[in-house]
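Visitor: Here's a structure for you.
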Amino acid sequence: MENSVFNEKKEIKKIEEFTGRPTSAFVSASWMAVLIGMVSYCIGLWNAHMQLNEKGYYFTILLFGLFSVVSVQKSVRDRQEGIQVSDMYYGISWFTTLTSVTLLLIGLWNADLELSEKGFYGMSFTLSLFAAVAVQKNTRDIQYLDSVEEK
């Protein structure tokens, strides 16, 4: 009986010590993933046998998608923390995220590329977007925890 009370106290102490701060390994991995995704996508575009306007289209889709997912993560986090975010901005953030993915899919569907190339662009785009969300979340978590620790 006494042993279970000791374990409960020990468990509570562990929970109290957990700050929710992302580890440096996870922060580094997130940054590496976003860089690997973006650089791979851009190297693929650089080496692609397509017209410059097509390359510009795919590059713009990447930038549009990255901005959109960061905006979604920020607006979701702001709402979670009680910071006012207009419904219009929140909706536009989600709309532009879905639009960037849709535009990439339409572009790849209609592109004269090998299936492996289409898969490469799709996967490096997805990696970039997911990693950008992770980087933004880590940044917000660290900023929040630093502000709490200062108080």
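Visitor: Give the residues of segment 107-149 that are under 22 Å from the mean Cα position of the chain (by Cα), open to solvent by 30 Å² or more (accessible area, probe 1.4 Å) and either of a type in the set (V, I, T) or more than 30 Å from R77 (Cα to Cα) (or both), sorted by residue number.
Guide: Of everything in segment 107-149, those that are under 22 Å from the mean Cα position of the chain (by Cα), open to solvent by 30 Å² or more (accessible area, probe 1.4 Å) and either of a type in the set (V, I, T) or more than 30 Å from R77 (Cα to Cα) (or both) turn out to be K118, G119, F120, T126, V133, T139, I142.
Visitor: When residues of segment 40-57 are filtered for being more than 13 Å from F120 (Cβ to Cβ) and open to solvent by less than 80 Å² (accessible area, probe 1.4 Å), how many remain?
Guide: Of the residues in segment 40-57, 4 are more than 13 Å from F120 (Cβ to Cβ) and open to solvent by less than 80 Å² (accessible area, probe 1.4 Å).
The values are calculated or read from the model by the stated rules, or taken from the named source; none is laboratory data. Please read all numbers here as calculations on a predicted model, not as lab measurements. Methodologically, a virtual Cβ is constructed for each residue, glycine included, from the backbone with ideal geometry; neighbour enumeration extends over all protein chains shown. Surface areas here come from the heavy atoms of the whole protein model, side chains and all, with no ligands, DNA or RNA. Shrake-Rupley method; radii C 1.70, N 1.55, O 1.52, S 1.80 Å.
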